[in-house]
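Read through the structure below, which is laid out as structure tokens, and then see the notes.
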Amino acid sequence: MTPCPFCQLADNHDELLASNKYAVAFLDINPIRSGHVLIIPKHHEPDFFQLDDETYLDIMRLAKQIAKAQEQVFNPMKVGMLVAGMDVPHARLHLIPMHDYHDITSKQMLEGTVTKASDEELRESKDKLVQALDSAA
């Protein structure tokens, strides 16, 4: 089994931008924009939404600190936050200094192939999500 490259990075303090108890941050080697940062849990977890609450909150705390630094250094219109990535099976949060509206939009949006949802589709999706949220509470 190939070792997880993100787990290896979490242990390489020379590469880290910042860290706290449960999370580490480092620059993305394939940045969308300069200053693009990845924040990952220190322990291996492939699914971001399966993280325990302490780890999730530590990632968000680190994101808030880094976003403030990104605003100061890169003067973006906004710092975007994105949970994405399938190439490495390790949960991650992207923080991207956005200088353009399309810095983190999907290929469909960029190509203009996104179709607007109908009121019925929106209502059905909302009803299903509300039901799922209510049953989880």
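The values are calculated or read from the model by the stated rules, or taken from the named source; none is laboratory data. Note that the structure is predicted; figures quoted are calculated from it, not measured. Neighbour counts run over all protein chains shown; Cβ positions are idealised from the backbone, glycine included. Heavy atoms of the whole protein, side chains included, go into the accessibility calculation; ligands, DNA and RNA do not. Shrake-Rupley method; radii C 1.70, N 1.55, O 1.52, S 1.80 Å.
In this structure, is GLN65 out of contact with any Cys (no Cβ under 8 Å at 6 or more places or on another chain), closer than 15 Å to ASN20 by Cβ and polar (S, T, N, Q)?
Numbers: out of contact with any Cys (no Cβ under 8 Å at 6 or more places or on another chain): yes; closer than 15 Å to ASN20 by Cβ: yes; polar (S, T, N, Q): yes.
Against the criterion (out of contact with any Cys (no Cβ under 8 Å at 6 or more places or on another chain), closer than 15 Å to ASN20 by Cβ and polar (S, T, N, Q)), GLN65 qualifies.
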Filter segment 1-30 for residues that are in contact (Cβ under 8 Å) with a residue 24 or more places away in the chain, open to solvent by less than 80 Å² (accessible area, probe 1.4 Å), out of contact with any Asp or Glu (no Cβ under 6 Å at 6 or more places or on another chain) and over 20 Å from GLU54 (Cα atoms) and give the result. CYS4, PRO5, ASP28
List the residue pairs whose Cβ atoms are under 8 Å apart, where the first residue sits in segment 111-137 and is surrounded by 10 or more Cβ atoms within 10 Å (Cβ to Cβ) and of a type outside the set (Phe, Trp, Tyr), the second is modelled with pLDDT under 80 and part of a helix (DSSP H, G or I), and the two are 6 or more positions apart or on different chains. VAL114/GLN108
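Residue-wise test of (1) farther than 18 Å from ALA18 by Cβ; (2) free of Cβ contacts under 8 Å to residues at least 40 places away in the same chain.
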| residue | (1), (2) |
| --- | --- |
| LEU38 | no, no |
| ASP53 | yes, yes |
| GLU71 | no, yes |
| ASP87 | yes, yes |
| ILE96 | no, no |
| HIS99 | yes, no |
| HIS102 | yes, yes |
| SER106 | yes, yes |
Residues of segment 38-88 being at positive phi and either buried (at least 17 other Cβ atoms within 10 Å of the Cβ) or part of a helix (DSSP H, G or I) (or both), which ones? GLY85
State all residues of segment 4-28 that are in contact with a Ser or Thr (Cβ under 9 Å, 6 or more places away or on another chain), aliphatic (A, V, I, L, M) and either in a loop (DSSP other than H, G, I, E, B) or at positive phi (or both); if no residue qualifies, say none. none
